[in-house]
Amino acid sequence: MKVLLAGEIDAEWRRELAAAMPEATWLDAGEADAALVANPPPGALAGQPRLRLIQSLWAGVDRLLADPTLPAGVPIARMVDPAMSAAMAETALWATLSLHRGFFAYAQAQREAVWRVHAQRRADEVGVLVLGQGEMGRAAAERIAQQGYPVRGWRRSRRHDDTPLPALLADAAIVINLLPLTAETRGLLDAGFFARMAPGSAIVNLGRGAHLVEADLLDALDRGHLRHAVLDVFQTEPLPAVHAFWRHPSVTVLPHAAALTDARSASAGAAANLRAARDGRPLAHRVDRARGY
Ligand code: NAP
Ligand code: GLV
């Protein structure tokens, strides 16, 4: 099977993929039977008439789906990997603990040599809302709930007893975004959304930069309506050096590192799907192109 590699696939990935699927021929160009992609640039899969599978090494496929040259009708599968879910749960827990216990404020106070103790609340008094209850959202919610926080989730396929988003927002001290970027979720975290969040609450964006309207967030922080933002993803990545987020006292910046795909474990899953495509067996973790995730 000839597999085209496109996007951010380094030497470690190539080593692990070759070990997981020694019978494959890995190509950087030319006609292939399947493509393995990691955030590929637009056009990377143009002119590939024979593809049986496009396997993403990233969980989010928004950039891939936005490529107008993406071959039509070819199944797309995205990465679901327990190691990545565990990493995301760790990041979400770290952000929750740090916001709850004021550790970001203490780090800022140290930079200013200020000795000031903040009030301490119990974990069961700090409500956490996780937007998205898929692989990432569920892993994060479960890990945070294990530490005693009351956690609620929000998803697309709501049931009749589900609380509407405005009521969930009003009750949460910490809101964590783990939605996929789709036509429905783009720009969701805007001025209206922040206005519905409880005064003094915090936002954690681990989804995609385009979920969040950056100017609206800065306004909500500067007015003191929101207390803090932890941001892993941005409209422009890498975040430009002149961007206000870098130096804002109420913003913590991560370089899109909340959960990296682990080449060791993810290669096995990718190889299993490539073999399924080769042998005409059902594929795991298929993307619904119309739904956008
Ligand atoms: P997933 O398993 O497909 O789950 C997506 C969740 O979002 C589902 O619960 C889905 O609802 C919900 N959802 C989708 N559209 C919605 C809408 N319009 N309203 C309400 N809920 C909606 O995806 P995942 O693996 O958890 O990954 C989620 C996202 O995390 C990725 O797309 C990516 O953008 C981001 N991510 C970021 C990093 C990082 O390092 N920062 C790493 C990995 C992933 P249903 O359950 O009803 O379908
Ligand atoms: C990272 O953001 C991913 O989607 O895997």
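Placing unit charges on each Cβ (+1 for Lys and Arg, -1 for Asp and Glu) gives the chain a dipole about its Cα centre, and among 3, 175, 249 the Cα reaching farthest toward its positive end belongs to 175.
Placing unit charges on C-beta atoms (Lys and Arg positive, Asp and Glu negative, everything else neutral), compute the dipole magnitude of segment 84-253 about its Cα centre in debye, rounded to 20. Don't skip to the answer; put the middle values down first.
Numbers: 18 positive and 17 negative charges, 53 e Å.
Computed charge dipole of segment 84-253: roughly 260 debye.
The longest stretch of the chain left intact once loop-based GluC sites (Glu not before Pro) with at most 10 other Cβ atoms within 10 Å are removed from consideration, loops following DSSP, is 113-293.
Under 1.5 on a/c is rounded, so check that first for the chain, then, if it is not, pick prolate when a/b is larger than b/c and oblate when it is not; a ≥ b ≥ c are the square roots of the alpha carbon gyration tensor eigenvalues. Because a/c hits 1.5 or more and a/b exceeds b/c, the chain counts as prolate. Within segment 1-96, the trypsin sites (Lys or Arg not before Pro) that combine a DSSP coil assignment with at most 12 other C-beta atoms in a 10 angstrom radius are 50.
Rounded to two decimals, the Cα radius of gyration of segment 196-275 over 2.2 N^0.38 Å is 1.40.
Each reported figure results from applying straightforward, stated rules to the coordinates on display, with no laboratory input. Not measured: the values here are computed from a predicted model. Positions of Cβ are backbone-derived with ideal geometry, glycine not excepted, and every protein chain shown enters the neighbour counts.
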